[in-house]
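Notes for the one structure printed next.
Each reported figure results from applying straightforward, stated rules to the coordinates on display, with no laboratory input. Treat the numbers as computed from the prediction; the structure is a model and nothing was measured. Here the Cβ positions follow ideal geometry from the backbone for every residue, glycine too, while neighbour counts run over all protein chains shown.
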Amino acid sequence: MACALLAAADAAAGAAATAAVPVQASAPRTIDDFESVAGWTTFASDQVKIGIRQGEGSAGKSLCMDYDFNGVSGYAVARRKLPMDYPANYEYSIRLRGAAPANNLEFKLPDASGENVWWVTRPNYLPSSEWTQLKLKKRHISFAWGPTTDKTLRHTDAFEITVSAGKGGGKGFLCFDDLQFRELPAEGATLPTLKAGATSAAVNAGAALAVDGDADTAWQARAGTQQLTLDLGVSREFGGLVLRWRKGEQASDYRIAVSDDAKQWRDVRRVQAGNGDIDLIALPESEARYVRLSLDKAVSAKYALQEISVEPLEFAATPNDFLRAVALRSPRGHFPRGFSGDQSYWTLVGTDGGSESGLLGEDGAIESAKGGFSVEPFIINDGHLISWADVRSTQSLADGYLPVPSASWEHPIAQLKVPAFAQGDKASSQLIARYNLRNPTRAPLDYVLALAIRPMQVNPPTQFLNTIGGMSPIHALGFDGPVATVDGKPRVFALQVPTRVFATTFDAGMVEEHLQGETVPQAGFVRDDTGLASGAMLFHLHLDAGESREVGVWLPLSGDTRAPLPDFDAAVAQAAVEEQWREKLGQVGLKVPAQGQVLVDTLRTALAQMLISRSGPRLQPGTRSYARAWIRDGAMISEGLLRMGRGDVAEDFLRWYAPFQFSNGKVPCCVDDRGSDPVPENDSQGELVYTVAELYRYGGDKALLAAMWPHVQGAVRYMDELRASERKSDPLALRNPAFYGLMPASISHEGYSAKPMHSYWDDFWALRGYKDAVEIAQWLGHDAEAIAFATSRDEFRTDLYQSIATATRQHGIDFIPGAAELGDFDATSTTIALAPGGEQGRLPDTLLRNTFERYWKEFVERRDGKREWQYYTPYELRTVGAFVRLGWRDRAHELLDFFIQDRQPQGWNQWAEVEAREPRKPFFLGDLPHAWVASDYVRSVLDMFAYERESDQSLVIAAGIPDPWLDGEGIAVSKLRTPHGLLSYTLRREKGVLLLRIDAGLVVPEGGIVLRTAKKESRVRKLPATLRIKG
């Protein structure tokens, strides 16, 4: 039938253009039939078990892979040597079945060096018990890691099947059969001309007019059951369809099917209650020669399809790609910035240590939970829709620093302020948003405040790591008065009864289309297979000139989904939350002049960000991209918490993290819900030991110290094994004398993720760990271990400093390099040698100062526009503390001035992991806020007021205080935590004389308390103390 219809259409349309015939795909070639497993080997990460066996195949035998994660994160790998050269286009295929929890299935293709790897990943793959074929096409294969600059896949040397821990973990098996490879037509091959045929058509309105590229013509047919069939000329891949209907003459209900032979059809999509105009249809990863539309229902007496186009794979390669395509065809403001070509920014809304958090977008949208849907405001006045694109958006925090953020709109006829906060505890918490609408004009106005529930996160689609931003599917949305139920759960409770509510499917038009129309749908509940259901609560408000009205919403974050009590008052609740945060963030008092208040405000906000970013005891750098605990981040966050009076949080983290240590003493680089991560990052051992020591220094809890002692012993034992592996006297075994005695190469330093390096970052952390292990042994009275640890410490320090000397000589450089083999410049990494490394007094002074002089020079060039740059990481905030220690206080504040200006947005006192020169150009920015960056800021700013100097065992105060701050009332520090107790002091200048008062409250360290001014140092050895210092 379809062939006859197409022939008739061709005749009606005249002679069709002749297209070049594309290259045909080759026949599949069997790479491995798995009749034998002799060529396969296995390996696994720490504590993970793997075995392979022969099993029954789909035909013949198969390879079966049994694995057990044993409660840790990690991977299990089956590997065989398989040299392969790749044509321009190709695909692998493999059959598999299994019984296993949802874990990550990975196919890896390493080159002969083993350093460069390409892969295909199937996150949280749940295998079927029946044989299933997977196709791995060229476009699915991406470069995973490696040092090569040419990331095009041309040749590989092996084929690896990996199962890495996903959501399921546990144990299971997968069986594989029939690994094949075939060459495909080259990408970009000429495609035949699209042809169309139909069951019927009006005179001079044949099916060919739907594919003629002219929107002024249309295929027309009477209402009722009709079919339109497209012939693509050859079987080809595509991503979807775009249908343009003549206004008021669309099919509201129709079905789409595809076929390879126009005989056997596969249904792929059903449209119901379509609203016409332009229908965008996502058909991801489709492959067929024929496409058929079966029209079932019209909205008028006929159908008129002006154009239908077959879209490329990129059109709907991911749900976010499809939403971008929709957004590009919509007015600006109808979709969030992240789908409209702009980089967007947001902040965190949560409780201290809560298990869930929401986000507030810079334009006022609320994200309901990690990966969750959003509630976005719109304003309607006199039929005009006002969105973020029509207003000036600003951001602020309560009191300038509390984690109660607001987003505000300014428009000539409307002002909207949206503060958001979270209340509750670890067991049960809620996010509350208040929408205060004000009429700024001199006349009364009628408004509709629309709170749209949308299948999109605030976290934008550029965020691809772990939690993919962008779309958040809603398959069912319903309203019952002030309650919105999302996918069967009550998720949004309006604090005032809406005037109207409605729900809509994607086919019937998304929420923003209806808000700008004259009427809204009547439906209060919809189901949507596309996952793009949306809806709105509408509040009709009459406001006199200058009048304000408020509505609010309550969104459960964790625990039960109970509704607010009838007498709940959002303003009262917000005031209570603000007071709680004032107490939490006010343990340390810092009084500074007005010009320094932004630094103190941002310091307190940074502390809040560290507290909210954690999940229970788990200190995390973020809640989306980096929602897992690294010991590296945790150690440095813990230091900031200890200094700011939250040692309880640091202790909770240590008690939680330490038991994840591997049985051989190896400390996992990170831990998440899957368990201990086995990736070797050789700073980890030193960081765990340092955290143990810091908690004792600040808290004096010997019982905790004793409980951690086995973990310290294990970490030192493992560090000894690591350095011994690089202390080989055989010249052939030691590839480079600069490696002698160091920690082995690892990827702990993010700059070396492509290929592990001998990073001095690892070594200074290891040295810190050895030094602290000696002290821990001494505190506990383990004299023999203290002596042994000291021997390891001294040997390692000797090897480390010799390595630095060798590496600088090898590379002809006059600074401390980041890695021994690279001789690279990385001052941000080198800061760790000073703090917390404590090696400033031992490092070669010339190399040390050259390192940071170069950083200063390059920073000034970047700041002043004399150096090209695109991105940087605000980990550079560590250099502020380094500059304070070097005595460069003025330079330190020039750095701070720059970084403070780069907060995004400034009103929210936060940094992402990555900052951009073009902040509106979309890019991956990590988490926002980023708690590890926040900890760098906290530690550096606190260093301005006080820091430990290991070289003379002193406590140095005021080394980073700018001279102008000392005029007038000067500065005051109250209850700043130190390893020696609570530090409280005041410092001001009166008639050219510095007046210093230090209260009792701490034990004076061995080297005294040192006031470090621009001109000299003054030392205090007894408290309380009052000093008058001239000059």
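Values for this structure:
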item	result
Cα long-axis angle, helix 931-945 against the chain (0 to 90 degrees, to the nearest 10)	30
The chain: relative contact order as a whole-number percent, Cα under 8 Å and 6+ apart	8
Protection proxy ranking, peptides 632-642, 809-819, average beta carbon neighbours within 10 Å, highest first	632-642, 809-819
Cβ-derived FRET efficiency at R0 56 Å, residue 563 paired with residue 121, nearest 0.05	0.85
Size of charge dipole - the chain - debye, nearest 20, with Cβ of Lys, Arg +1 and Asp, Glu -1, no other charges	1200
The stretch 96-146: chymotrypsin sites (Phe, Trp or Tyr not before Pro) falling in loop per DSSP and having at most 12 other Cβ within 10 Å	none
Stretchable slack from residue 901 to residue 480, in nm (0.36 nm times residue separation minus alpha-carbon distance)	147.0 nm
Net charge dipole size for the stretch 351-583 [Lys, Arg +1 and Asp, Glu -1 on Cβ; Debye, nearest 20]	120
Charge-dipole axis of the stretch 29-183 as Lys and Arg at +1 and Asp and Glu at -1 on Cβ define it, positive-most pick from 94, 47, 141	141
Euclidean distance between Cα centres, the stretch 935-972 to the stretch 467-483, Å	49
Loop sites in the stretch 851-884: GluC sites (Glu not before Pro), DSSP, at most 10 other Cβ within 10 Å	868
Distance-filtered residues of the stretch 70-93 - backbone nitrogen under 20 Å, label point 7 angstrom along residue 152 Cα→Cβ	84-92
Residue 266/residue 967 FRET efficiency (R0 60 Å; Cβ-Cβ; nearest 0.05)	0.15
Helix-only [θ]222 nm of the chain, DSSP H runs n ≥ 4, -39500 (n - 2.57) each, per residue, nearest 500	-7500 deg cm²/dmol
Filtered trypsin sites (Lys or Arg not before Pro), the stretch 893-934: DSSP coil and at most 15 other beta carbons within 10 Å	917, 920
The stretch 874-1031, relative contact order [Cα under 8 Å, separation at least 6], %	18
With Cα atoms, 0 to 90° folded angle of helix 597-613 axis to the chain main axis	60
Rounded tilt (10° steps) of 889-901 against the dominant C-alpha axis of the chain	20
Extension gain, residue 273 back to residue 858 (0.36 nm per residue minus Cα-Cα distance, nm)	204.6 nm
Label selected from (1) 56.3; (2) 54.0; (3) 46.9, the criterion being mean projected area of the Cα convex hull in nm² as computed here	(3)
Computed magnitude of the charge dipole of the stretch 103-175 (debye, nearest 20; Cβ of K, R +1, Cβ of D, E -1)	340
Kirkwood estimate for the stretch 586-949, i.e. one over the average of 1/r between Cα atoms, Å	20.8
Long-range amide H partners of residue 307 with built H, under 5 Å	244
Dipole-positive endmost among 1018, 782, 803 within the chain (Cβ charges, Cα centre)	1018
Sites residue 778 and residue 648, calculated FRET efficiency, Cβ-Cβ separation with R0 22 Å, nearest 0.05	0.30
Farthest positive-ward along the chain dipole, Cα basis, beta-carbon charges - from 280, 752, 188	752
